[in-house]
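Novice: Quick one: this structure, given as structure tokens, is what I'll be asking you about.
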Amino acid sequence: MDQVAHEMPTLDEAKRTVEIVVHISENLDDSQRNNLVVALGQNEGIVSAEFCPLRYHLMLVRYDRDQYSSQDVLSAVGVQKLQARLIGPI
């Protein structure tokens, strides 16, 4: 079960990234969580996406603030026909 999609950011990328916590449905199974991570990882503006261990309804998403906003992240989850709520920044 690999529910992490990320690349190691360069120093410049690290300065431009923001990490947020997103609440996702608690009813997702392993396959659905993995599919969501893969789908988010395909967005150019998202640097990493992963579910919190033992708290599978919380997702950490790091994105490039020059390309994306927190609302864009929520929209990307919505495209997967899932509801998400922004909990806040890290």
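Each row is one residue, and each column tells you yes or no for (1) touching a residue at least 12 places away in the same chain (Cβ under 8 Å); (2) closer than 12 Å to ARG33 by Cα.
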position: LEU54; (1), (2): no, no
position: HIS57; (1), (2): yes, yes
position: ARG62; (1), (2): yes, no
position: LEU74; (1), (2): yes, no
position: ILE87; (1), (2): yes, no
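Novice: Within the range 8-22, how many residues turn out to be open to solvent by less than 50 Å² (accessible area, probe 1.4 Å) and at pLDDT 90 or above?
Specialist: Of the residues in that region, 5 qualify.
Novice: Are any residues in the range 23-55 crowded, with 17+ Cβ neighbours inside 10 Å and under 14 Å from ILE87 (Cβ atoms), and if so, which ones?
Specialist: Once the filter is applied, which keeps residues that are crowded, with 17+ Cβ neighbours inside 10 Å and under 14 Å from ILE87 (Cβ atoms), the range 23-55 yields ILE24, PHE51.
Novice: Residues of the range 56-71 being of a type in the set (D, E, K, R) and either over 8 Å from the mean Cα position of the chain (by Cα) or open to solvent by less than 30 Å² (accessible area, probe 1.4 Å) (or both), which ones?
Specialist: Across the range 56-71, the qualifying residues are ASP64, ARG65, ASP66.
Novice: Please go through the range 43-71 and pick out each residue that is charged (D, E, K, R), at pLDDT below 95 and under 18 Å from SER25 (Cα atoms).
Specialist: Of everything in the range 43-71, just one residue is charged (D, E, K, R), at pLDDT below 95 and under 18 Å from SER25 (Cα atoms), namely ARG55.
The values are calculated or read from the model by the stated rules, or taken from the named source; none is laboratory data. Please read all numbers here as calculations on a predicted model, not as lab measurements. Cβ atoms come from the backbone with ideal geometry, glycine included; neighbour counts cover every protein chain shown. When the accessible area is computed, the model is the full protein with side chains, heavy atoms only, and any ligands, DNA or RNA have been set aside. Shrake-Rupley method; radii C 1.70, N 1.55, O 1.52, S 1.80 Å.
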